[in-house]
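Participant: Input: one structure, supplied below.
We did not get these values from a lab; they are worked out from the coordinates using the rules stated. Note that the coordinates shown come from a computational prediction; the quantities given were computed from them, not determined experimentally. Ideal geometry is used to build each Cβ from the backbone, glycine not excepted, and the neighbour counts take in all protein chains shown.
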Amino acid sequence: MQKIKSLMARQGLKSPQESLPDLSPEENLRIPSKEELREIRELPVDPQEEQEVIDSIEEVYFSNDSFDVVRYELEKLPAELNLQELEEYRDTLKRQQGAVSKKVADLILEKQPSYVKELERVTSLQTNLQLAAVICTNARRHLSISKEGFTEASLGLLANQRRRQLLTELLKSLRTIKTLQRTDVRLSEMLEEEDYPGAIQLCLECQKAASTFKHYSCISELNSKLQDTLEQIEEQLDVALSKTCKHFEISHYTRVQLAYTLLGKTQTAMDQLHMHFTQAIHNTVFQVVLGYVELCAGNADTKFQKMQYKDLCTHITPDSYVPCLSDLCKALWEVMLSYHRTMLWHEEQHKEQDASPQTDEAGSSEADDSLVDRNYVKKKLEHGLSRIWQEVQLKVKAYLLGTDMSNFKYDDFIVVLDIISRLMQVGEEFCGSKSELLQESIKHQSVNYFRNYHRTRLEELRMFLENETWELCPVKSNFNIAQLHEFKFMAQCRSPSVSPSRQALSGQEGQSLFEQFSQEGNPFERHIENKDEDLEDVLASNGYESDELEKSVYQDYDSDSDVPDELKQDYVDEQTGDVPLKSVSRETLRSRKRSDLSLNKGVNAPILTNTTLNVIRLVGKYLQMMNILKPISFDVIHCVSQLFDYYLYAVYTFFGRNDMYESSGLGLISSRLRTTLNRIQESLIEMESLGEGSSGTHGGPAEDRKDKVPSPHLSQLVVLTASGTLYGLAQRVVATESLVFLAEQFEFLQSHLDTMMPAAKKPFLQQFYSQTVSTASELRKPIYWIVSAKAIDYEQMLLMMAGVKWDIREIMSQHNIYVDVLLKEFEDFNKRMSDVSRQVRIPLAVSNVLWEHSIRLANRTLVEGYANVKKCSNEGRALMQLDFQQFLMKLEKLTDLRPIPDKEFVETYIKAYYLTENDMEQFIKNHREYSMKQLANLVNVCLGSHINKKARQKLLAAIDDIDRPKR
């Protein structure tokens, strides 16, 4: 419609109501009349042709209403005008104009009813506007009348009323401001009462109220004052929060947390709390150590207060070290307990919040914020556990490494280990930590201490051994190492993996340390045990535990009900030197008891010396240290093995070393025992240097000598050359059997040591037991052999046998006199053993070894005597058999030892006289136990009877072949 109007306007058309006479004559000519329009419409025109004409109009004519048609057409004219072409082009434009005019006329006629209707609406709108103008005019006239009708007095009343209302509101505001200005007094009172939530709530309300009256100039000063007060409250709140690190009170901590919640700084409070805990640890340990340092220094020198904590720890004296460590751990325990109770408080709060969920929309939003804070607090507290414990470890580590503990007393060092062990248990319960820092530092100190301690103990052991007279230490028959104070910890420990302190602390209904000492007490308080309970009652009086026991020994000797099973087992060990048998016949036990009873009345009492007892106590101390501190278990067990090695080597050196072994051919020292002795000598014994200056020539040997001990020397008070004492048999028995008893105690401790030994080092322990401990009983042979070799005069017997004529021609019914002399020697030997048994009990195993050695030496002396015979007849050989049978018959009445040692050795040699040449040759090859001399004599004596010279040469050559590899 707008385009049509613009077209009409461009063409100069007006509405039908407009007056046509107003148009100029030229414009009248341009607008066709109705009749002309009708004629144009009625002209027979082809619509298709008309549309083609319209379509031929250039597009630019339809593009824009402001398009200048005339200018466009003029610009299109060529430079040289051609009239004919211009006329043709004009006709074309006319045709186009006519077609467009016709089209427009058709459209106008077609839309004319709608145009008329719209024109009527415009007319109606004009009428309404005129009515509205009349109404406005009337309203202005009435307002003017009203203005003239009111007076100034009426307006004054209204103004006063309004002013009154404003003043009333102002009075209320002033009263509120006055109240706000007085709140600082109440806030101070609330802070003194530690009512932090109430103070913060009041301060926040005041700030809210002040923001309402911020348009007053006085409020800006009040607002800044309230802000300062709020900051002051936060500072005091931070101080209150720091107090909970050393002493946790539920009510106090609840108020502090509620205050931080009102401030919306729950997460900030948690960050501050961890910072305070870290600072509390530092301040606590510094003050504890500083107090002891100043106390020991004896002056108020302020230089200590300016020192670093690590440097301050180096000024602790050995006397104050243990009390200071105890107080240090007590103070750190209070800090960790406060942290633990803080965590419990938050857990309870979270449970209560979970039990009362919010349902409304505002509560849901608060719950979301609260959940975020809870998660943050939970993670922060869990992370803080390891952080707090790490700080504790660092402080204690600095204290431990600040002092050289290598020269501490044993009891003091054990207390240190026990305190650190408890502290590590606290750390394990606190955050599940293995306390690597503490273990590393205490291991470092323990290794240094233990090496120095062990070196000193070895020197003491050497001193004890060199002053030991090897007298019997009387102990009760039921004595065992568990009765000693040093081994009490084993009875307290249910498991070797838990230290005694831990058993004592964690044994109350399975409660943790934090549960036991949550309200009072401290796991680091040293409880003084009852002295009466620690007294040992292991020594016997007058050789008997009581008169009744003395009577029972004789009246009911077969009764073994009062003998502990362990001692029965140990007693069997004494007989065999090996692992105890599971079952022993009653007759055997009775015979053993009867044999021991004939020697000494104290049958069941273990044989040991004061030195043995000291070694056992020392082992107990070592094991106690190892039990508390497992990381050095291998070092401790290695040192324990050195104690046993040195004791064994000393007993061997004092009583068993003799060059006569090698020539005896009895195999007294087994290859295993010899290997053990060589190992001990190489690894532990410091050999005496040949020259004074040779010791310091090389650094390597000097380093090795640090871990070595000089070989001990037997005390001059011990006489081993007197025949009246059987060459020190009592001392030999006490020394050897004390070693066997010590070995039995080590066997008893093997399971405990195996549990404590690291898996990688267990082969060392197994080798120690199989190669060293088990060889203790093997020392009986070389030690008692010396007694047997010297107690009987075998040389005299050889001389007497040499005077006997063996080439007799008739069979004798009477044995030779040397047999009676030899038996008399054995009777004297038995009598002297009985005399010795009145001083010290001789166990059946010892008695058997002595008899075995003596009989074996006697039998070999007989063979040696028979081998010295130059001529012998068959009757002479029969006399040899008669002499030997007489010897055996009388000997069996003197000893219960069965079978008689080397009986076949003698009988086989005598019977070999009757062998033929072939059998003799086979005999020589099979019986290497006889010496070359004995075999050669056998061949020479047989010459002429049933062996000729040729056979003799052959047999001697066979003997020489056997002897050649030995040379």
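Participant: Counting only other residues whose beta carbon sits under 11 Å from that of E929, what net charge do I get with K and R as +1, D and E as -1? It would help to have the intermediate numbers written out before the result.
Facilitator: Numbers: positive: R860, R928; negative: D902, E904.
The answer is 0.
Participant: For region 437-442, take each phi angle, set θ = phi - 60°, evaluate the Karplus expression 6.51 cos²θ - 1.76 cosθ + 1.60, and give the result in whole Hz per residue in order, putting x for glycine and proline.
Facilitator: In residue order, the calculated couplings are 5, 5, 4, 5, 5, 6 Hz.
Participant: Going by how many other beta carbons lie within 10 Å of each one, how would you line up Y61, Y622, fewest first? Please list the in-between numbers first.
Facilitator: On the way: Y61 12, Y622 22.
Lowest to highest Cβ neighbour count: Y61, Y622.
Participant: Order these by the 10 Å Cβ neighbour count, fewest first: T123, T469, T611.
Facilitator: On the way: T123 10, T469 14, T611 22.
The most exposed by this proxy come first: T123, T469, T611.
Participant: For every other residue with a beta carbon closer than 15 angstrom to the beta carbon of N467, add +1 if it is Lys or Arg and -1 if Asp or Glu, then tell me the sum.
Facilitator: -4
Participant: Turning to a different aspect of this structure: For a paramagnetic label modelled at 7 Å from the Cα of S56 toward its Cβ, which residues of region 77-96 fall within the zone defined by backbone nitrogen distances under 20 Å?
Facilitator: Only 77-78, 82-96 fall inside the zone, counting backbone N under 20 Å.
Participant: Okay, next question. What are the residues whose amide H is under 5 Å from the amide H of V709, where those residues sit 5 or more places off or on another chain and H is modelled from the backbone?
Facilitator: Here I685, E686 satisfy the definition.
Participant: Estimate the FRET efficiency between V70 and H142 by the formula 1/(1 + (r/R0)^6), using the beta-carbon distance for r and 56 Å for R0, to the nearest 0.05.
Facilitator: On the way: r = 59 Å, r/R0 = 1.06.
The pair V70/H142 has a calculated efficiency of 0.40.
Participant: Could you tell me which of rounded, prolate or oblate describes region 872-933, using a ≥ b ≥ c as the square roots of the eigenvalues of the alpha-carbon gyration tensor, with rounded for a/c under 1.5 and, failing that, prolate when a/b is larger than b/c and oblate otherwise? Mind dumping the intermediate values first?
Facilitator: On the way: a/c = 3.17, a/b = 1.58, b/c = 2.01.
Judged from the Cα gyration tensor, region 872-933 comes out oblate (a/c at least 1.5, b/c at or above a/b).
Participant: HN-Hα J couplings of region 907-922 from phi, Karplus 6.51/-1.76/1.60, θ = phi - 60°, integer Hz, Gly and Pro as x?
Facilitator: The phi angles translate into 4, 5, 5, 5, 6, 5, 5, 8, 6, 7, 4, 5, 5, 5, 4, 5 Hz.
Participant: So, one more: Applying 1/(1 + (r/R0)^6) with R0 = 56 Å to the Cβ-Cβ distance of Q279 and E686, what FRET efficiency is obtained, to the nearest 0.05?
Facilitator: Working: r = 54 Å, r/R0 = 0.97.
Taking R0 as 56 Å, the efficiency between Q279 and E686 is 0.55.
Participant: Show me 474-484, 419-429 ranked by packing, highest mean number of other Cβ atoms within 10 Å first. Show your work: numbers first, answer last.
Facilitator: Numbers: 474-484: 17.7, 419-429: 22.1.
Output ranking for 474-484, 419-429: 419-429, 474-484.
Participant: Pull out a ≥ b ≥ c, the square roots of the eigenvalues of the alpha-carbon gyration tensor of region 422-498, then state rounded if a/c is under 1.5, prolate if not and a/b is larger than b/c, and oblate in the remaining case.
Facilitator: oblate
Participant: Beta carbons within 10 angstrom, averaged per residue: use that to sort the peptides 869-882, 630-643, 851-864, 93-106, highest first.
Facilitator: Working: 869-882: 17.8, 630-643: 20.4, 851-864: 22.4, 93-106: 15.1.
In descending order of packing, they fall as 851-864, 630-643, 869-882, 93-106.
Participant: When the chain is fully extended, how far beyond the present Cα-Cα distance does Q201 get from K303, taking 0.36 nm per residue of separation? The partial results should precede the final answer.
Facilitator: Working: separation 102, 0.36 × 102 = 36.72 nm, distance 4.67 nm.
Between Q201 and K303, full extension yields an extra 32.0 nm.
Participant: Using the beta-carbon distance between N868 and E436 and R0 = 60 Å, what value does 1/(1 + (r/R0)^6) give for FRET efficiency, to the nearest 0.05?
Facilitator: Details: r = 77 Å, r/R0 = 1.28.
After rounding to 0.05, the efficiency reads 0.20.
Participant: State, to one decimal in nm, how far the label point of Q716 lies from the label point of Q839, with both points 7 Å from Cα in the Cβ direction.
Facilitator: Distance between label points: 2.0 nm.
Participant: Over 19 Å between Cα atoms: which of K911/K954; K246/K379; K310/K395; K805/K871 fall into that group? All intermediate terms of the calculation are to be shown ahead of the outcome.
Facilitator: Working: K911/K954 21 Å; K246/K379 22 Å; K310/K395 8 Å; K805/K871 8 Å.
Check vs 19 Å cut-off fails for K911/K954; K246/K379.
Participant: Quick check: residue separation of N948 and Q126 times 0.36 nm, minus the Cα distance between them. What number comes out in nm?
Facilitator: On the way: separation 822, 0.36 × 822 = 295.92 nm, distance 18.05 nm.
Full extension of this stretch gives 277.9 nm more.
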